[in-house]
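Take a look at the structure below.
The values are calculated or read from the model by the stated rules, or taken from the named source; none is laboratory data. Worth saying up front: this structure is predicted, and the values here are computed from it rather than measured. No Cβ is skipped: glycine too gets one built from the backbone with ideal geometry, and neighbour counts run over all protein chains shown. Ligands, DNA and RNA are stripped out before the accessible areas are found, and what is left, the full protein with its side chains, is counted by its heavy atoms. Shrake-Rupley method; radii C 1.70, N 1.55, O 1.52, S 1.80 Å.
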Amino acid sequence: MAAARGTERDPDPEGLAAARPLLTDLYQATMALAYWRAGRARDDAEFELFFRRCPFGGAFALAAGLRDCVRFLRAFRLRDADVEFLASVLPPDTEPAFFAHLRALDCSGVTVRALPEGSLAFPGVPLLQVSGPLLVVQLLETPLLCLVSYASLVATNAARLRLIAGPKKRLLEMGLRRAQGPDGGLTASTYSYLGGEGREEGFDCSSNVLAGQLRGVPVAGTLAHSFVTSFSGTEVPPDPMLAPAASEGPQVDLASRVEVWLELVCAHLGLGVQEPHKGERAAFVAYALAFPRGFQGLLDSYSVWRSGLPNFLAVALALGELGYRAVGVRLDSGDLLQQAREVRGVLRTTAAQFQVPWLGSVPIAVSDNIDEEKLARLAQEGSEVDLIGIGTSLVTCPRQPALGCVYKLVAVGGQPRMKLTEDAEKQTLPGSKAAFRLLGSDGSLLLDLLQLAEEPPPQAGQELRVWPKGAQEPQTVRPAHVEPLLKLWVRQGQLCEPLPSLAESRAFAQLSLSRLSPAHKRLESPELCQVALSEQLQALVDRLRAGGPL
């Protein structure tokens, strides 16, 4: 990582996709100049990135964004154009030597410890620890906050929505068009796939094609109302012939077979054969010819009962003759729960009428600005909904649009630093630290322990006196298992081991969430997970608060 991959004219595209060095706040550059003038640019320093409260009124967050942070660090290098712009906004008498220093900067002196992606995270426990030359690690503050905060927030939101939906419903992320810009859309699609619980982890797939190309997220999608309404019914397919699924036997004019089946379906449903919309039917036929193995009917462009459903059934039955099975129907308006029940009833009676058993279990997908309340209704016992598409409520995180991560200095030159303020919540914990998760004999969470890095790690079966954050008295705990939380990912600019794939992080998120008790998973008024300080760390905090020596 001593130098960015690529060249000045062709920088690392993955790193630049994560963030550019000047995607930052101006005061990072002004502090950099002041550090340099004070002769402190190369002082060893350590920062911690953490949040103060769990999002959405819940009891946990999921750590995410580490992969993007590493990509950013790998590519970090100020280009000539970057330095020239900084020169235009800094004082005109700034020494040229400072800009020469900036041109030579990279992250070859930076070390990063972090929670693995998919880890449970609790208030005050670092998601990232970043150490290195003071000037450089100060410049990293805003981009790292930007990369971690939203990724962790949307992963947590996805986990929350999965908890509401339960393990059996399939969830499709479809929020790209509602996201806060292209970067927000890609981040949401990536990390909604990570967050999850139960048999299914996170969201099952995304509509975002770029997330599939760049991040390996499974993508899904069929057709919109615009496709359906673009057809009038007068169109003649250039090639209406379709071969059987088994590729044995003559091709069949699909459109003609659909008309035959339409008469039978309408008679079964008590409809006139002229009632279903011809344009909608032509659209379904056109889509079925293009995707005979992936045909889904969007039912509500005109009327679900008089048009969409009978047209779908006619096309699905015509395909069924040739050995193809429709993959589903979608509802996008109205009372989705009730409509799904009624659609399921029609599918079953039609399947029985025409002796096509698979038709009765065709998946029903729904969408339509689904929020937590609507999702809970759609996920209730007896719901016939199989797949739920969620966009706005996932990517915009309306219950809490920001996680509120902070990046705070904890040590300089090996000496602890602490922010002391009248607001107790904003006081920081000083010193370079280690973090451990203490577990019971059944693997349940007891607490997360923060201690100074030089302290010996806690041992399983060992009795410990710890200070829960905010408590006035210590408590005693005896863990059956102890897990270190912060892993060394980057040492002096070099990646220590390959980062887990998104699929591996997704599986780890499932394992992490399985450790939460039902009380921790409650969406309202959950039981909070404890974070505690070692006696030695608590003593340092008390000493600094009292104004004593380090």
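Data for the structure
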read-out	value
Added length on full extension, which subtracts the Cα-Cα distance from 0.36 nm per residue, residue 454 to residue 247	67.5 nm
Rounded percent of accessible protein surface that carbon and sulfur make up, the chain, 1.4 Å probe	52
Environment charge of residue 335, counting only residues whose C-beta is closer than 13 Å and scoring Lys/Arg +1, Asp/Glu -1	-2
Summed side-chain charge close to residue 448 - residues other than residue 448 whose Cβ falls under 13 Å, Lys, Arg +1, Asp, Glu -1	+3
Check: segment 189-309 dipole with +1 on Lys, Arg Cβ and -1 on Asp, Glu Cβ, in debye	100
Residue 377 versus residue 177: modelled label distance in nm, points set 7 Å from Cα along the beta carbon direction	2.3
FRET efficiency, 1/(1 + (r/R0)^6) with R0 41 Å, evaluated for residue 23 and residue 338 via beta carbons	0.30
Charge dipole magnitude, Cβ of K and R +1, D and E -1 - segment 400-544, Cα centre, debye nearest 20	320
Cα gyration tensor shape for segment 448-535, rounded if a/c is under 1.5, else prolate or oblate	oblate
For the chain, calculated [θ]222 nm from helices alone, where every DSSP H run of n ≥ 4 adds -39500 (n - 2.57)	-11000 deg cm²/dmol
Neighbour-limited loop hits for GluC sites (Glu not before Pro), segment 430-514 (at most 11 other Cβ within 10 Å; DSSP other than H, G, I, E, B)	454, 463
FRET efficiency estimate (nearest 0.05) - Cβ-Cβ, residue 306 to residue 168, R0 30 angstrom	0.45
Eligible aspartates and glutamates near residue 278 by straight Cα distance, threshold 12 Å, same-chain separation 8 or greater	235, 259
Rounded, prolate or oblate (a/c below 1.5 giving rounded, otherwise prolate when a/b exceeds b/c) for segment 262-354 by Cα gyration tensor	rounded
Charge dipole (debye, nearest 20) of segment 471-522; +1 at Cβ of Lys and Arg, -1 at Cβ of Asp and Glu	180
Segment 223-267 - Debye-derived log10 I(q)/I(0), Cα point model, q = 0.14, 0.19, 0.25 Å⁻¹	-0.50, -0.84, -1.01
Among 474-485, 62-73, 320-331, 82-93, the order from most to least packed when residues are scored by Cβ within 10 Å on average	62-73, 320-331, 474-485, 82-93
Estimated FRET transfer efficiency (residue 487, residue 527; beta-carbon r; R0 25 Å; 0.05)	0.35
Residue among 255, 22, 291 farthest towards the positive dipole end of the chain, charges placed on Cβ	22
Tilt relative to the chain, helix 254-269 - C-alpha long axis, 0 to 90 degrees, to 10	80
Degrees between helix 80-89 axis and first principal axis of the chain (Cα, 0 to 90, nearest 10)	70
Nearest 10 degrees, 0 to 90: helix 26-37 Cα axis against the chain principal axis	30
Between segment 39-54 and segment 145-162, the Cα center-to-center distance that results, in Å	22
Residue-normalised accessible area of the chain, expressed per residue, 1.4 Å probe, Å²	44
Lys/Arg +1, Asp/Glu -1 at C-beta; segment 30-170 dipole; positive extreme among 167, 45, 108	167
Matching label, Rg/Rh (Cα atoms, Kirkwood Rh) computed from the structure shown, candidates [x] 0.97; [y] 1.08; [z] 1.00	[y]
For segment 136-143, Karplus couplings with θ = phi - 60° (6.51, -1.76, 1.60), whole Hz, Gly/Pro x	5, 5, 5, 4, 7, 3, 5, x
Members of 433/487; 169/374; 419/487 lying beyond 22 Å, as alpha-carbon distances in this model show	419/487
Contour excess over end-to-end distance, with Cα ends at residue 536 and residue 79 and 0.36 nm allotted per residue	160.1 nm
Surrounding net charge for residue 377, when Lys and Arg each add one and Asp and Glu each subtract one, Cβ distance under 13 Å	-4
Furthest towards positive pole of dipole, 242, 414, 132, structure part the chain, Cβ charges	414
